[in-house]
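Each reported figure results from applying straightforward, stated rules to the coordinates on display, with no laboratory input. Model, not experiment: these values are computed from the prediction. Here Cβ is always computed from backbone atoms with ideal geometry, including for glycine, and neighbour counts include all displayed protein chains.
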Amino acid sequence: MSKVLFVCLGNICRSPLAEGILKSKLESSRQSQSIFVDSCGTGNYHIGEQPDPRSVANARENGITLDHKARQFTHEDFEQFDHILVMDSSNLKDVKKLDPKEEYTHKLHLMREYDPIGTGEDVPDPYFGGELGFQQVFEILDRSIEGFLQEVKPGVSK
Ligand code: 4NP
């Protein structure tokens, strides 16, 4: 089974939404058994919390139920996951700091490397913005995750 981990800063806005979107896509295509999906944050501010109510509301408007408790990224995640998809360059820097020997660089990718109309730029942090920000983030994530599935085919064994 392939394992995918989404990473942001707080693990309450972007990465739990990404987790919910991928799980929903897998359920729709009856592939839930082929990919394990989780999310976490580089920071420790919100450990144990449910996703931000604005992320929950946005997901619901898009037909997705979020169910996640925030946790912090740990070194063990490098071993546990096959694909570690980070939301922005700051997340990438923070995760790379935990891998000084660069053993896991091949597993690390910016989420928007897979955005068909993006070039690896940041998924904007909607935490300090308004509702519109959350829908923009949803659309970026939806496209990027679709791109990831098409390009990487994570559930298909080689
Ligand atoms: P996230 O958003 O990284 O997408 O979960 C944030 C959540 C909380 C904070 C920053 C970003 N914070 O500073 O508490």
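Details
- A protection proxy built from the mean count of other Cβ atoms within 10 Å ranks the segments 121-132, 82-93, most packed first, as 82-93, 121-132.
- Selected from LEU98, HIS109, ASN58, residue furthest toward positive end of dipole (region 2-151; charges at beta carbon): ASN58
- Estimated FRET transfer efficiency (HIS75, SER29; beta-carbon r; R0 30 Å; 0.05): 0.40
- Compactness check for region 11-83: Cα Rg over 2.2 N^0.38 Å is 1.12.
- Cα-based reach from LYS107 at 17 Å (exclusive), listing lysines while leaving out same-chain residues under 8 positions away: LYS3, LYS93, LYS96, LYS97, LYS153, LYS158
- Helix-only [θ]222 nm of the chain, DSSP H runs n ≥ 4, -39500 (n - 2.57) each, per residue, nearest 500: -12000 deg cm²/dmol
- Relative packing of 25-36, 57-68, 141-152, which averages over residues the other C-beta atoms within 10 Å, highest first: 141-152, 57-68, 25-36
- Residue by residue, region 45-56 carries 3J(HN,Hα) couplings of 4, 10, 3, x, 7, 6, x, 3, x, 6, 5, 4 Hz when phi is fed to the Karplus relation 6.51 cos²θ - 1.76 cosθ + 1.60 (θ = phi - 60°); x denotes Gly or Pro.
- Distant-in-sequence amide contacts of VAL86, defined by a placed amide H-H separation under 5 Å and a gap of 5 or more residues or a different chain, comprise VAL7, HIS109, LEU110, MET111.
- Cα pair distances exceeding 12 angstrom across region 102-158, given as percent: 69 percent
- Pairwise Cα inverse-distance average, inverted: Kirkwood Rh of the chain (Å): 15.4 Å
- Each label point was placed 7 Å from the Cα along the Cα-to-Cβ direction; for GLU61 and ASP82 their separation is 3.5 nm.
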